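Inspection log for the structure reproduced underneath, given as structure tokens.
The values are calculated or read from the model by the stated rules, or taken from the named source; none is laboratory data. This is a predicted model, so every value here is computed, not measured. In this analysis, Cβ positions are derived from the backbone assuming ideal geometry, glycine residues included, and neighbour counts consider all displayed protein chains. What goes into the accessible areas is simple: the full protein's heavy atoms, side chains included, and nothing from ligands, DNA or RNA. Shrake-Rupley method; radii C 1.70, N 1.55, O 1.52, S 1.80 Å.
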Amino acid sequence: MMITHMKNIVKRYGNHLALDCVDVAIEEREILGLLGPNGAGKTTLIHALAGLINIDSGEIEVLGKSQKNNMLEIKKEIGLVTQDIAVFEDLTAKENLEFFGGIYGLRGNTLKKCVEETLEFVGLKEYGGKLPVKFSGGMKRRLNIACALIHRPKFLIMDEPTVGIDPQSRNHILETVRKLNQQGTTILYTTHYMEEVQAIASRVVIMDQGHVIAKGTIEELVEKIQHEEKIKLEVAEPTETLLEKLRKLDGVKQVIQSGREIQIISPVGSGNLDRVLSVARQFGGVRSVSTEKPTLEDVFLTLTGKRLRDGGEE
Ligand SMILES: Nc1ncnc2c1ncn2[C@@H]1O[C@H](COP(=O)(O)OP(=O)(O)OP(=O)(O)O)[C@@H](O)[C@H]1O
């Protein structure tokens, strides 16, 4: 069964088309990774799905029901982990959970049990009585997740839940996501970190400038560019003239520059390595050159022409 189907979603902010006929379906019990550079429309899509903004046209179904007429009912089944941490700093971790649980109608012993279990689940059992103001970034993120989980939603939507935290907390969060999924929760996971998607997602949707530009399993997406070869070149000075000469080489499909590194995408077997080297040498300052097999990061780069973390928060 599909947990959600967002059909032909259009959302404008003034003249700006933030979502242009976006179609995304998520199967029950999967972890869908939603990738896209800044401004791709990921948060807009998530907010539309969670009923926080109105869309201009299109249709959203959640658990087989139209969102339009069943929003209250649907909200009970959804948990939203927002990009900005949304917890009360002057309430303890436990009180935060009691507050959010109360909103979902949990009361008495049920609420107490849910609070305790959720604190334990996110690894904050010992910190229930503490104020989040004393927490590390990672602990605050975990509390933020706990608040979205308190009512045991079937469908958890996570908007960049690991931004700005230490690797240990990040691993803890990824482990939590995996555990939740194993227990039957469907997850929509947005991130700027490609390796997170590779670690947990069963399927990926890539967005850019309000469009879905690719979707499939990681293997399916990488397969799409299997016939391409990536040459990585590092030079002292990547001048526009050098980039232009590389673009004009036979069979070169794309030249992407990021700092001193230049990536040249050509069909496999084009023999472009020698040509790239000889052009680069004319400009001097070649620091290194290598060829690599495509990865999900390359799929992203090839499709969007951008690195995932360009301008993104680290
Ligand atoms: N409330 C708003 N008013 C006007 N424009 C907006 C508003 N919210 C988003 N936008 C614009 O819509 C586009 C999509 O933004 P959105 O936040 O959905 O992107 P995103 O993929 O989530 O990016 P990020 O990774 O930076 O969070 C951007 O160009 C953004 O500037």
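Given a 1.4 Å probe and the protein chains as shown, GLU240 ends up with an accessible area of around 110 Å².
Across all Cα pairs in the chain, the calculated P(r) in 20 Å bins from zero up to the longest distance comes to 30, 49, 19, 2 percent per bin.
Hey, with R₀ at 22 Å, roughly what FRET efficiency would LEU277 and LEU303 work out to, going by the Cβ-Cβ distance, to 0.05?
Rounded to the nearest 0.05, the efficiency is 0.25.
Rounded to 0.05, the FRET efficiency of the SER136 and GLU28 pair, given R0 = 41 Å and the Cβ-Cβ distance, is 0.75.
Estimate the FRET efficiency between ASN8 and ASP90 by the formula 1/(1 + (r/R0)^6), using the beta-carbon distance for r and 51 Å for R0, to the nearest 0.05.
Numbers: r = 43 Å, r/R0 = 0.85.
Efficiency for this residue pair is about 0.75.
Site pair GLN182 and ASP250 shows an inter-label distance of 5.4 nm when each label is modelled 7 Å from Cα along Cα→Cβ.
What ranking of LYS11, LYS224, LYS179 comes out by heavy-atom accessible area, probe 1.4 Å, highest first?
On the way: LYS11 25, LYS224 110, LYS179 80 Å².
My answer, sorted largest first, is LYS224, LYS179, LYS11.
Sorting LEU52, LEU296 on solvent-accessible area from highest to lowest, probe radius 1.4 Å, gives LEU52, LEU296.
Residue farthest toward the positive end of the dipole of the chain, with Cβ of Lys/Arg at +1 and Asp/Glu at -1: which of LEU296, VAL255, ILE103? Among LEU296, VAL255, ILE103, the one farthest towards the positive end of the dipole of the chain is ILE103. In this structure TYR193 has an accessible area near 20 Å², from a 1.4 Å probe over the protein heavy atoms. Report summary: the helix-based calculation at 222 nm, which adds -39500 (n - 2.57) for every DSSP H run with n ≥ 4 and divides by the residues of the chain, gives -11000 deg cm²/dmol.
How large is the charge dipole for the stretch 2-221, taken about the Cα centre, if only the Cβ atoms of Lys, Arg (+1) and Asp, Glu (-1) carry charge, to the nearest 20 debye? Each step should come with its number before you reach the end.
Numbers: 26 positive and 28 negative charges, 121 e Å.
The calculation lands at about 580 debye.
Each Lys or Arg adds one and each Asp or Glu takes one away; over the other residues whose Cβ falls under 12 Å from the Cβ of THR118, this sums to +2. Within the same chain, lysines fewer than 8 places from LYS248 are excluded, and of the rest, those with a Cα less than 19 Å from its Cα are LYS230, LYS232.
Of the beta bridges in the chain, as assigned by DSSP with both residues counted there, near 70 percent are antiparallel. Within the stretch 64-163, list the trypsin sites (Lys or Arg not before Pro) lying in a DSSP loop whose Cβ has at most 15 other Cβ atoms in a 10 Å radius. Sparse-neighbourhood loop trypsin sites (Lys or Arg not before Pro): ARG107, LYS130.
Keeping every protein chain in place, order THR190, THR291 by accessible area at 1.4 Å, biggest value first, i.e. largest first.
Values: THR190 0, THR291 70 Å².
Correct descending sequence by accessible area is THR291, THR190.
Here PHE100 sits with roughly 40 square angstrom of accessible surface, probe radius 1.4 Å.
For GLU228, nonlocal amide neighbours, meaning residues 5 or more places apart or on other chains whose placed amide H falls under 5 Å from its own, are VAL268.
Under 8 Å for C-alpha pairs, at least 6 residues apart: give me the relative contact order for the chain, rounded to a whole percent. Numbers along the way, then the final one.
Details: 590 pairs, mean separation 63.4, N = 314.
It comes to 20 percent, rounded to a whole number.
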